[in-house]
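Step one of this worksheet: look at the structure below.
The values are calculated or read from the model by the stated rules, or taken from the named source; none is laboratory data. Only a predicted model underlies this, so the values are computations on that prediction, with no experimental measurement involved. Please note: Cβ atoms are built from the backbone with ideal geometry, for glycine as well, and neighbour counts cover all protein chains shown.
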Amino acid sequence: MSLDENADSGSFHGNSSALSDVALGLSRNFVRLDATQFFARTWEPTFIAWTTLLSITQIMPSVPLTVDSLAPAVRALDGVISGKDDPYLPPRFGHVHLFHFLGSLKSRIERDKKCGFIEAKNHVTNAALAYEFYRNAQDNPTTTSRLRRLRLIGNRWKDAVGSSPFLLLAFSKTAESFAKYPSKADNNTFRSLVLKASNDMPEELKNVCHELSIIAEHEAANNSSPDDILKSGLRDCVKECLLRPE
């Protein structure tokens with residue numbers, strides 16, 4: 001049976017039987033059989049695309065918060081979520097970053113309210129305003145309910161990768177199915193499944209993903225060219241680390 005033939009396996013929820021051997025056995029199918037080899041083939045274009053996305057989607061404190069100022073970031077995020085950059089930056093990267101982006105947008109709205117730049121409205125939360133800003137910045141506005149669903153998917157993936165989004169490349173379509181459809185497993189059960197799956201990943205792969213995630217964040221914050229950092233020796237370093245004997 002292939003990895004993804006289990007994608008439609010039954011649902012599990014947070015009760016006494018949810019974390020049975022059968023349920024946890026599914027976690028073995030959450031990681032690609034060729035995870036390290038696939039990562040070695042794809043990490044460079046993923047690094048470039050991810051660093052570029054991080055750079056484009058920064059909410060700069062010195063730039064007024066407007067629909068027009070958010071439009072490039074929203075357009076870039078929507079492109080990833082729609083699969084435009086697949087396979088090097090699959091939609092799951094967009095889901096994770098949407099979760100963080102909406103959180104940053106919410107914090108910025110709260111700050112601007114305190115400074116008097118945004119008028120506070122009764123019974124309108126900062127989260128609701130974040131969704132409103134996002135929708136108004138879209139080329140083709142979606143519904144708030146769909147944005148909430150996409151954010152939920154991002155939150156579930158966040159539990160899977162923590163601070164190492166490059167680990168998203170290692171997860172299979174089975175894991176993606178569970179991330180996208182909460183009816184298959186509630187948040188606590190999904191978290192347990194992906195944590196067990198992560199524990200089974202090669203340590204070298206996890207270490208490389210963690211370091212690349214840190215580097216990408218740093219380069220994006222400094223608006224550096226990801227191509228330049230690749231040429232500075234990162235390519236050889238990643239290759240050496242992935243092939244390092246246990």
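Just a yes or no: is a residue in the stretch 4-16 assigned to a helix (DSSP H, G or I), modelled with pLDDT of 60 or more and surrounded by 12 or more Cβ atoms within 10 Å (Cβ to Cβ)? Working first, answer last.
Initially, the stretch 4-16 is screened for residues assigned to a helix (DSSP H, G or I), giving 4-6.
Of the ones still in play, those that are also modelled with pLDDT of 60 or more are none.
There is no residue in the stretch 4-16 that is assigned to a helix (DSSP H, G or I), modelled with pLDDT of 60 or more and surrounded by 12 or more Cβ atoms within 10 Å (Cβ to Cβ).
Does E219 qualify as being touching an Asp or Glu at 6+ places or on another chain (Cβ under 9 Å) and of a type in the set (D, E, K, R)? Step through it out loud before you land on a result.
Numbers: touching an Asp or Glu at 6+ places or on another chain (Cβ under 9 Å): yes; of a type in the set (D, E, K, R): yes.
Taking the combined requirement at face value, the residue satisfies it.
When you go through S55, S27, S20 one by one, which is the residue that is surrounded by 18 or more Cβ atoms within 10 Å (Cβ to Cβ), of a type in the set (S, T, Y) and modelled with pLDDT under 95? Outline the logic, then answer.
Numbers: S55 fails: modelled with pLDDT under 95; S20 fails: surrounded by 18 or more Cβ atoms within 10 Å (Cβ to Cβ).
Exactly one residue qualifies, and that residue is S27.
Here is a check on your reading of the model: is S183 under 18 Å from the mean Cα position of the chain (by Cα) and closer than 25 Å to I81 by Cβ? Don't jump to the end; show me each part of the working.
Details: under 18 Å from the mean Cα position of the chain (by Cα): no; closer than 25 Å to I81 by Cβ: yes.
Against the criterion (under 18 Å from the mean Cα position of the chain (by Cα) and closer than 25 Å to I81 by Cβ), S183 does not qualify.
Could you please give the count of residues in the stretch 58-72 that are surrounded by 12 or more Cβ atoms within 10 Å (Cβ to Cβ) and either among the charged types (D, E, K, R) or closer than 18 Å to S224 by Cβ (or both)?
The initial filter retains those residues of the stretch 58-72 that are surrounded by 12 or more Cβ atoms within 10 Å (Cβ to Cβ), namely 58-59, 65, 67, 69-72.
Still in the running and either among the charged types (D, E, K, R) or closer than 18 Å to S224 by Cβ (or both): 58.
Qualifying residue count, the stretch 58-72: 1.
Given the conditions (1) out of contact with any helix residue (DSSP H, G or I) (no Cβ under 9 Å at 6 or more places or on another chain); (2) farther than 23 Å from L147 by Cβ, which single one is not true for D186?
Here D186 meets the rest and fails (2).
Please enumerate the residues belonging to the stretch 71-93 that are part of a helix (DSSP H, G or I) and either of a type in the set (S, T, Y) or touching a residue at least 60 places away in the same chain (Cβ under 8 Å) (or both).
Matches in the stretch 71-93: A71, A73, V74, R75, D78, I81, R92, F93.
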